[in-house]
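Structure record follows, encoded as structure tokens.
The values are calculated or read from the model by the stated rules, or taken from the named source; none is laboratory data. Predicted model only: the values in this text are computed from it and were never measured. Note that we place each Cβ from the backbone using ideal geometry, even for glycine, and neighbour counts take in every protein chain shown. Only protein heavy atoms, including side chains, enter the accessible area calculation; ligands, DNA and RNA are left aside. Shrake-Rupley method; radii C 1.70, N 1.55, O 1.52, S 1.80 Å.
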Amino acid sequence: MRDFMAPSRSVAVGERGMAATSHPQATLAALDILKAGGNAMDAALAAVAIQGVVEPQMTGIGGDCFVLYSPKAGKPIAFNGSGRTPGKTDIGRYKDLKGAFVAPNSADAVTVPGAVDAWVALHKDHGSLPLDRIFAAAIDAAENGFRITPRVAFDHLKFRARPESNAAAKAQYLPGGEPPVAGDRRSQPALGATLRRIAKEGRDAFYTGAVADEIASELQKLGGVHTSADLAAHRGEYVTPISAKYRGYDVYECPPNGQGLAALMILRTMEGFDVAKMSTVDRLHLLAEATKAAYRARDAYFCDPAHGMEASEKFLSDKYIATIRGKIDMAKASPIEIWDEPAHRDTVYLTVVDRDHNAVSFINSLYNAFGSGIYAPKSGVLLHNRGWGFRTVEGHPNSYAPNKRPMHTIIPGMVMKDGKTVMPFGVMGGHYQATGHADFLSNIFDMGLNIQAASERPRSFCYDGVLSLEPTNSRADADELTKRGHKVGWAEMPLGGCQAIWIDHARGVLLGATEHRKDGMALGI
């Protein structure tokens, strides 16, 4: 039982359904769908659709998504909803910029948005209610207005430069030239109209016709090589999840081009240590060292499987993991790693479980806050900048190339035990996500914490040569980590944001968690 005198939250409790998202309106929209007889996929789609309206800086129909779906708590299936580069993409234009990336607010950073195709495909295969009912809350919020919540206001202020770089985006997201404050009313009528069309016409309302033409036109004005045909050709796909064991549980992730494989590598590395008996500083050190090893492999090899990604099994093999464990010195940090991957921390993650224990683990992203900043005003589509993650070095597995998906940071997770799904979960936060998955699961399975307490623990992330600690970590631990050779820094923003639902099959109860780093909540019925 938690300490009711300490700042914290209780786990949410439900029986006939549970939703956990990073925004209150999304959680309520999901619950309304469940109460109306919809299933977990219906509710998840309702939640992600409204988040694209009320959290426009984080997600939307101009972005990508990845989904794990467990029907009736059975083995998960995965959907890759990420888009590809245009067919006329040419890495040659970057030949003089060795090791560089495309500009994050350029047309070259925009791959074909994959979210809408994924939403429609998942609805067709696993939904039950009509799309117009599912999108009703999102359409209402877009057309009739919504109130800005505190974290959304914070992000608008901190990242205002991105929408300011595009006149149409500035007019929509910074009306009057100023970011909104908590409590302000905003609307997105053009987006509402596009959602209505998608509900009526399906994916073609986005990938063909006026919306696709406008997107291609806006990108071409900025030097992009995108065509309407590139959008029309896009299709997401079902893929086989990858998994690894941790403390007797099976942890499932989407395969590359996502970074879920890195999360499994970190977990496999940590399983060789008695983490439960470690001090806090030892746990921080081990997590940092396991992260360094996994991210080295990620940045060197992870890419679109259609363009030469090595088999995931190699990186999870006993031999590979034993090599990583053997190089970890618990008294000394390994050499500092400097990553040249662009920073990213802006995504939404949500999860829903329904009365039949269908479980959805769903993540949708624009990559940076406000994505590329490129906005198609007639259709209300803000475009992501996932192509920023490509390397502009020829021969690199993740090199910029035609019809190719970039390495993605967004990853949904799912945990199974004895053949049944027990927890869909996710940790937002860009590059942090793989580390976040491992740390969150270790908090549960090593430290014995419930899912709410596990999500609230102080976080750390070893990345780009710095071991970043949230200020809730102790100064004494920071000093000791410095003595071990880590370059310690204090995080200026929260590291990620977590949602999870635990399915207690024995008692027939659902337990939900979301935490203080976002505006969201978990609620059950």
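Quickly run through segment 255-282 and pick out the residues that are basic (Lys, Arg) and in contact with a strand residue (DSSP E or B) (Cβ under 9 Å, 6 or more places away or on another chain).
Correct list: Arg268 only.
The number of residues in segment 416-434 that are surrounded by fewer than 24 Cβ atoms within 10 Å (Cβ to Cβ) and in a strand (DSSP E or B) comes to 4. Does Ala300 fit the bill of being touching a residue at least 12 places away in the same chain (Cβ under 8 Å), open to solvent by less than 50 Å² (accessible area, probe 1.4 Å), out of contact with any helix residue (DSSP H, G or I) (no Cβ under 7 Å at 6 or more places or on another chain) and over 25 Å from Asn473 (Cα atoms)? Criteria met by Ala300. Among the residues of segment 176-198, those identified as of a type outside the set (A, V, I, L, M, F, W, C), under 20 Å from Gln51 (Cα atoms) and either in contact with a Pro (Cβ under 9 Å, 6 or more places away or on another chain) or without any contact (Cβ under 8 Å) to a residue 40 or more places away in the chain (or both) are Pro179, Pro180, Gly183, Asp184, Arg186, Gln188, Arg197.
Looking at Ile328, Ile266, which one is of a type in the set (Val, Ile, Thr) and more than 20 Å from the chain's Cα centre (by Cα)?
Within the list Ile328, Ile266, the selection yields Ile328.
Residue pairs whose Cβ atoms lie under 8 Å apart, sitting 6 or more positions apart in sequence or on different chains, and linking a residue in segment 15-43 that is at positive phi to a partner that is crowded, with 24+ Cβ neighbours inside 10 Å and outside any helix (DSSP H, G or I), are Gly17/Val352; Gly17/Val353; Gly17/Asp354; Gly17/Leu510.
Results for (1) surrounded by 14 or more Cβ atoms within 10 Å (Cβ to Cβ); (2) over 19 Å from the mean Cα position of the chain (by Cα); (3) among the small types (Gly, Ala, Ser), shown as yes or no for each residue.
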residue	(1), (2), (3)
Cys462	yes, no, no
Val466	yes, yes, no
Asp477	yes, yes, no
Gly485	yes, yes, yes
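Sort through His384, His408, His437 and tell me the only one that's surrounded by 20 or more Cβ atoms within 10 Å (Cβ to Cβ), in contact with an Asp or Glu (Cβ under 8 Å, 6 or more places away or on another chain) and outside any loop (DSSP other than H, G, I, E, B). Lay out the reasoning, then the answer.
Numbers: His384 fails: outside any loop (DSSP other than H, G, I, E, B); His408 fails: outside any loop (DSSP other than H, G, I, E, B).
That would be His437, the only listed residue that is surrounded by 20 or more Cβ atoms within 10 Å (Cβ to Cβ), in contact with an Asp or Glu (Cβ under 8 Å, 6 or more places away or on another chain) and outside any loop (DSSP other than H, G, I, E, B).
Checked against (1) surrounded by fewer than 18 Cβ atoms within 10 Å (Cβ to Cβ); (2) at pLDDT 95 or above; (3) in contact with a Gly (Cβ under 7 Å, 6 or more places away or on another chain), Ile338 meets all criteria but (2).
For segment 303-323, taking the residues that are polar (S, T, N, Q) and under 27 Å from the mean Cα position of the chain (by Cα), the one that is surrounded by the most Cβ atoms within 10 Å (Cβ to Cβ) is identified as Ser312. Of the residues making up segment 60-75, none is in a helix (DSSP H, G or I) and crowded, with 24+ Cβ neighbours inside 10 Å.
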